[in-house]
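For reference, the structure discussed in these notes is given below.
Values in this text are rule-based calculations from the coordinates and carry no lab data. Keep in mind that this is a model prediction, so the values were computed, not measured. Cβ: placed from backbone, ideal geometry, glycine included. Neighbour counts: every protein chain shown.
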Amino acid sequence: MQNADLQQGIGKSPNQIATDETVIRINDQRFWLYAASDQATDDPLHVRPFSTTTTALIEIFLRELWQKHDVEAAEFFVDGANHLQTALQRV
């Protein structure tokens, strides 16, 4: 992720944020890659892999996003994944 420059700077204030997850493989290991991007510019705001997926880990991802950027008033877009929706409601 650092080599691909996916971890953008801090302090952005997007109005709309798209969040999603995907499963990736690295050397025969599976990881869940969570990403948040600015809906208007498609710029990545925060990307984080986890070796497993739980609502608690997604909450960690979202709190890190909150710490890096001003997203308090942002509207979040997620697919039908209940665990993403639950984590957003909790955070």
Residue-wise HN-Hα coupling along region 68-75, computed from phi with Karplus coefficients 6.51, -1.76, 1.60 (Hz; x: Gly, Pro): 7, 9, 8, 10, 3, 9, 6, 8
Can you list residues whose amide H is under 5 Å from H69's amide H, if they're 5+ apart or on another chain and H is modeled 1.01 Å from N? G11
Quick one: 3J(HN,Hα) in Hz for region 18-32, Karplus 6.51/-1.76/1.60 with θ = phi - 60°, rounded, Gly and Pro as x. 9, 10, 7, 10, 8, 9, 10, 10, 10, 6, 6, 10, 9, 10, 9
Cβ-based net charge around N15, under 9 Å, with every Lys or Arg adding one and every Asp or Glu removing one: -2
Amide H neighbours of D20 at under 5 Å, excluding residues fewer than 5 places away on the same chain, with H built from the backbone geometry, are A35
For the chain, what does the relative contact order come out to in percent, with C-alpha contacts under 8 Å and a separation of six or more? 32 percent
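For the chain, with only Lys/Arg (+1) and Asp/Glu (-1) charged at the beta-carbon, what is the dipole magnitude about the Cα centre, in debye rounded to 20?
Charge dipole of the chain: 320 debye, to the nearest 20.
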